[in-house]
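These notes are about the structure you will find just below.
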């Protein structure tokens, strides 16, 4: 998402833990007093643990996607945590090519794949984004929004890349509906069929300027897949279900656009609109045959500070990572209420603390916490 501004501070060592001791105090300061009688999911979070560095042997940086494996397949075990990297070893954005695996049972990190930079069929090359999912059939699908110089001046159209659970590149999905697949995917997985929801932020975005124009062309694409035997997934249908969303080139964070996607009750898809600083709802997401435009705003501003990745807690509430501070925000999508904001990265090396550090987020299999990444120190974290 940005340059690693703490390399000089920490060098090759793991970051110190002194700032973690601030979490309970800072978390309490952000809680909403109007909802003191109601216990939300974030109120149950008491600890924040460093799990592992996400930097693989080739030096890739800037962890983006976080996805928990739903099954054991190939070299992946059920409940492993998959993380990909957006930057290369020189910290250039849009050039990361690696997916790593963190295994909670052994607390070890391994590499699933280093995808070739110039992958045939993927326009512009490879720069892995937060658009990543693993299916019940074992296939991993990951988005690419590539660059050759670390900026959108050389941005390619990108693609979706299909990776086997043994780490082999098995195929590429591209076309006019895919341009800069960016945000964390929402998935409906029935085994032999699956539906992916993918945000695209690359349409007509040019080189970054001091104040780049907002281009209202970002979309959410519903992609339906068929999986037969051990063959890679085949696309059977594509429908744009949201459109006209804001996207913007940025010198520091590469691109800003719709990032978080999470499915809710009643077939609704929730979307974090970063530039609109809001959470929107797309009704009948799995069945609709047209675009819902920019969707219905369910909450805006308040605790939100450029909402990015998003997941659904066991109580049905949305947990959203802020891009402009180190807080996670809990939202009741039924009442359209923002319940709490809690500090999960109060790193004062940024202003505000934790600004630009958070990106991917995923619930633990037990539902008692969530994994997230702090990309300023290239670490996988656990809130529990």
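Determine the distance separating the Cα centre of the range 71-86 from the Cα centre of the range 38-63; give it in Å without decimals.
About 16 Å separates the Cα centre of the range 71-86 from the one of the range 38-63.
Which ordering of 221, 119 is given by a fewest-first count of other beta-carbon atoms within 10 Å?
By the 10 Å Cβ count, ascending: 119, 221.
Which order do 376, 224 fall in if you start with the one that has the fewest other Cβ atoms within 10 Å?
224, 376
Once every DSSP H run of n ≥ 4 in the chain is given -39500 (n - 2.57) and the sum is divided by its residues, what mean residue ellipticity at 222 nm do you get, rounded to the nearest 500 deg cm²/dmol?
Mean residue ellipticity, 222 nm, calculated: -500 deg cm²/dmol.
At 7 Å along the Cα-to-beta-carbon direction for both residue 204 and residue 335, put a label point, then send me their distance in nm to one decimal.
Those two pseudo-labels are separated by 4.1 nm.
If packing is taken as the average number of other Cβ atoms within 10 Å across a peptide's residues, how do 285-294, 170-179 rank, most packed first?
In decreasing order of mean packing, 285-294, 170-179 become 170-179, 285-294.
Go from 0 up to the bin containing the longest alpha carbon distance in the range 237-384, width 5 Å each, and give me the % of pairs per bin.
Cα pair-distance distribution for the range 237-384, in percent: 2, 10, 20, 22, 20, 14, 8, 3, 1, 0.
Dividing the alpha-carbon Rg of the range 176-288 by 2.2 N^0.38 Å yields what?
Cα Rg divided by the expected 2.2 N^0.38 Å: 1.13.
Quick check on packing: order 233-239, 98-104, 110-116 by the mean number of other C-beta atoms within 10 Å, highest mean leading.
Ranked from most to least packed, the peptides come out as 98-104, 110-116, 233-239.
Arrange 330, 43 by Cβ neighbour counts within 10 Å, fewest through most, would you?
Ordered by Cβ neighbours within 10 Å, fewest first: 43, 330.
Quick one: Cα centre-to-centre distance for the range 246-295 and the range 302-343, in angstrom?
When both Cα centres are located, 14 Å separates them.
Principal axes first, then extents: for the Cα atoms of the range 222-288, list largest minus smallest coordinate on each axis, whole Å, largest first.
Rounded to whole Å, the extents work out to 44, 31, 17 Å.
Determine, from the Cβ-Cβ distance of residue 237 and residue 77 and an R0 of 30 Å, the FRET efficiency 1/(1 + (r/R0)^6), rounded to the nearest 0.05.
0.40
Bear in mind these aren't lab numbers, they're just calculated from the coordinates by the rules spelled out. Everything numeric in this text was worked out from a predicted model, so none of it was measured. We place every Cβ from the backbone using ideal geometry, glycine too, and count neighbours over all the protein chains shown.
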